[in-house]
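Student: Here it is, the structure in full.
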Amino acid sequence: MHNYISISTLNDYIFCPYSIYLHNVYMETDEGLYHATPQTRGRVSHESVDTKKASNKRDTLMALPIYSSKFGLVGKIDIYKQSEKLLVERKYQLKQLFRGQIYQLWAQYFCLIEMGYLVEKLAFYEISSNKTIPIAIPTQQEEVEFTQFIERFKNFDPSGNIEINFNKCRHCIYCNLCDKTEEDNVY
Ligand code: SF4
């Protein structure tokens, strides 16, 4: 499992690749040092899944550990409804759907099908509004796009030139720990 990418970091990579490097540096430290409000809320929304409280239905799998040898991915799904062949990722709030969030759902999908599960439908579920947002199964072309994204992730060099977007830095959970910026975060 060495060098496998955690699915939970895919969206962070799109936000800023350097944040993945910082995540790896600080992952052993007290999470309270860097977790900002949105991340804490996101974690809480997943806790009911991780502790398997979200549903009692027999055909619903929750927090199932997943992997893909093909893509080099590991992680966990939120919810898989076997009878509906439906994979769901819960988010507390989804004002906007970012490509990285779609990649995370695709990553879960690719892992599940590689593990032999049947998945025919994908969706996000917004907890704050009780809304389900269906997502299409990735096409062949989108699988190529995803493969190229994973390759970029694997080949990222934190010592190379990094494009800094100071507006992003102000909203980054690593802002106060990052050597690339003097910004303060807004949380
Ligand atoms: S503070 Fe800025 S440069 Fe540093 S990891 Fe965050 S977004 Fe990237």
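No value in this document is a laboratory result; all are computed from the given coordinates. The shown structure was predicted, so the numbers you read here are calculated from the model rather than taken from an experiment. Quick reminder, even Gly has a Cβ in these numbers, built from the backbone with ideal geometry, and neighbours come from all protein chains shown.
Student: Extension gain residue 118-residue 98, at 0.36 nm per residue separation less the Cα-Cα distance, in nm?
Tutor: Extending this stretch completely gives an extra 4.7 nm.
Student: What distance in nm lies between label points placed 7 Å from Cα along the C-beta direction at residue 179 and residue 145?
Tutor: 3.5 nm
Student: Next up: Suppose R0 equals 25 Å. What FRET efficiency, 1/(1 + (r/R0)^6) with r the Cβ-Cβ distance, do residue 58 and residue 4 give to the nearest 0.05?
Tutor: So, using R0 = 25 Å, E works out to roughly 0.25.
Student: Report, in listed order, any pair from 85/131; 91/154; 76/121; 85/168; 131/180; 81/168 with a Cα-Cα distance greater than 28 Å.
Tutor: Beyond 28 Å: 85/168; 131/180; 81/168.
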